[in-house]
1. May I ask you to derive the FRET efficiency for A:Ala355 and B:Arg176 from their Cβ-Cβ distance with R0 = 60 Å, giving the value to the nearest 0.05?
2. At 37 °C and 0.692 mPa s, grab the translational diffusion coefficient of chain B from Stokes-Einstein with a Kirkwood Rh over Cα pairs, rounded to a whole number in µm² per second.
3. In bins 5 Å wide, starting from 0, what share of all Cα pairs of the range B:142-293 does each bin hold, as a percent?
4. May I ask you to derive the relative contact order of the range B:279-367, considering only C-alpha pairs under 8 Å and at least 6 residues apart, and to give it as an integer percent?
5. Can you find, among A:Thr125, A:Val190, A:Ala141, the residue sitting farthest towards the positive end of the charge dipole of the range A:105-220, where Lys and Arg contribute +1 and Asp and Glu -1 at Cβ?
6. Stick to the Cα atoms of the range A:32-71, pair each with every other, and give me the Kirkwood hydrodynamic radius in Å at one decimal.
7. If R₀ is 30 angstrom, what is the calculated FRET efficiency for the pair B:Asp295 and A:Ala27, using the beta carbon separation as r and rounding to 0.05?
8. Kindly give the distances from A:Arg121 to its copy-mates, label point to label point, with each label point 7 Å from Cα along Cα→Cβ, as nm values to one decimal ordered shortest first.
Protein chains: 2
Amino acid sequence: MTFRIISQDSTTAARTGVLNTTHGDIATPAFMPVGTQAAVKTLSPEQIKRTRIQIILGNAYHLKIRPGEDVIETAGGLHRFMNWDRPILTDSGGYQIFSLAQMTKISDRAASFQSHIDGARIMLTPEDAVELQRRLGTDIAMVLDHCVGYPSERGLVEDAMRRTLLWARRSLDARRGAEQMLFAITQGGVYPELREECTRQLVGMNFDGYAVGGLSVGEPKEKTAEVVALSAALLPPDKPRYLMGVGFPEDILNAVENGIDMFDCVLPTRNARNGEAFTSTGRLKIRNSEHKVSDEPLDEECDCYCCRNFSRSYLRHLFQAGEILGLTLLTEHNVRFYAKLTAGIRAAIAKGNFAGFKKGFLAKYNAS
Amino acid sequence: MTFRIISQDSTTAARTGVLNTTHGDIATPAFMPVGTQAAVKTLSPEQIKRTRIQIILGNAYHLKIRPGEDVIETAGGLHRFMNWDRPILTDSGGYQIFSLAQMTKISDRAASFQSHIDGARIMLTPEDAVELQRRLGTDIAMVLDHCVGYPSERGLVEDAMRRTLLWARRSLDARRGAEQMLFAITQGGVYPELREECTRQLVGMNFDGYAVGGLSVGEPKEKTAEVVALSAALLPPDKPRYLMGVGFPEDILNAVENGIDMFDCVLPTRNARNGEAFTSTGRLKIRNSEHKVSDEPLDEECDCYCCRNFSRSYLRHLFQAGEILGLTLLTEHNVRFYAKLTAGIRAAIAKGNFAGFKKGFLAKYNAS
């Protein structure tokens, strides 16, 4: 498993690459739709495939709680369990322990918390997180990290950063075999010197890839951008760089410009279920009465199953009437939108014209 | 548009036929999944098609309330609105006025009621129901009938039967053009002499087809069977016979045996959403813990997308985790089960062996 840079943009840090995994190659920059509980919400594997998404994200924390790693391992791993034969990255649970779990106690040895589903007490060491993801059999595993909110005092952020480094080291040591890639996660909040130290030390450990973590936890957008730029510049050019939990199309464009290669976010799927479609002319709320008799597709420029077959009028009706089909159709559209966005980004970088693509995309996207 | 009997079973009243409609031929006996609000719940048209279902049912009452016939007519009719290019039958709303509407007042002139969605006062004459369905542009329209519950006093049932006959006559007179078939609905509760009179009079009016209505409203199963047998025997052999709102596989087999040609029911779709699958070995509750690590498909004998790709273990997980994908997969399976059941029935009748098929099917279905 290797990562190879294919092309470098002429005026920005944007680059295209190919990441080889056990279940196939991923052209980067790539977007991963979120399949938390062994399903990209509302979509079947064949529906995901025809959006031309290359890799999906699963969540070790959720899968440990339900159905449990025993069930998935017995089924032959997460790929076979959910019938998805292409790459899967699993998040370790660090972020979920921070955002979802209850009664969390974190020591250097382990994170201990109560399941958000049934209150069961769970103890997770960094070694457990590596083993858990090995049993899930995914292509890319993430180390367990210690994530803190914003704002947090410097001392707390520094402590979490130090623990994240300690856990990263132990995760590497706990690793068995090389079939599954292991990515580190940088922490350090919005403190540049902590981010820098964390990133440098993790790079020294030589992971297969690096994620920028602990962002989108409440900090202002400028702070996020600052940390992304700083982190990307410190990460080795020959390893994939993954910005976790991002984001809106404009956020992705900005991060790519700084040299980020991978993204995941609930936005396309969650917003679809709330009746919001991403289109080439901006975001569209399908419940709006203006769509009541509209014969137009969601997006004139889209080639997805939803846009080729259904009018805004019909989609609005499905949402007004509470029909599940509406959620599925908008989700497939939004995931296709993100797949097309990243494909457009890759094509533009290959031509050395990322800046032109970004400008053109945003001009149309923000016009209305 | 014609109905032609193709084969007659050797020992029962079961028969196969072909019903020609504007949107294609329907081989009978046929089952119609319910697409009340311009969608067979959870399924896209392509998912419905691959179950090999030939015709779906829409509901004029629901569509009038939401999104309104104006919206659907503007879209070019119900077929174009929902992107379903095969036959559609619409129910008139008689049953919904009885079962869903509030503050209902029924006179010979019209049914007047409050919408179950927003309480809006709606007045519907039999002529309105014909015109409404003409605007929806479906292949088969049903006359507006007056449905009463069980038990009901004879006087009330007789009054509703008399009104149903009056409305049927006026529906025929209100009809414009012959592109859309118009089916009558028999009433008369569980009183044989009322059923007989209603059926004879409707047959005298020469409709394109006849439905047995007003059943499954609380009466015992033996009463239902009695009315079905009596009604089917009185209906003309050269017209399609449709038993409304039925039912379980065993009910369909019994009705086919009496010469019924068409069925609709919410069971395959509704039960799927409640986690119940119909299989060749009986009904299966996917949430049961026995399926926790089962690698088996829902039904070994099934060729649907769900059974070809997913294990009971995965499906159980989807239901436990509240994933919408589980509802969609079970729905597609159940609809395919009903499509296969009716295809099996047709093949058996063609061979003159309906009784053998029924016996074999039920032996396996009821064994566990």
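The values are calculated or read from the model by the stated rules, or taken from the named source; none is laboratory data. Only a predicted model underlies this, so the values are computations on that prediction, with no experimental measurement involved. Cβ: placed from backbone, ideal geometry, glycine included. Neighbour counts: every protein chain shown. These area figures cover heavy atoms from the full protein model, side chains too; ligands, DNA and RNA do not enter into them. Shrake-Rupley method; radii C 1.70, N 1.55, O 1.52, S 1.80 Å.
1. Working: r = 62 Å, r/R0 = 1.03.
Once rounded, the FRET efficiency stands at 0.45.
2. Values: Rh = 21.0 Å.
Rounded to a whole number, D works out at 156 µm²/s.
3. Cα pair-distance distribution for the range B:142-293, in percent: 2, 9, 18, 19, 18, 12, 9, 6, 4, 2, 1, 1, 0.
4. Numbers: 86 pairs, mean separation 28.2, N = 89.
Result for the range B:279-367 is 32 percent.
5. A:Thr125
6. Working: mean 1/r = 0.0939 Å⁻¹.
That comes to 10.7 Å for the range A:32-71.
7. Values: r = 34 Å, r/R0 = 1.12.
With R0 = 30 Å, the Cβ-Cβ based efficiency is 0.35.
8. So the label point of A:Arg121 gives 6.5 nm to the other copies.
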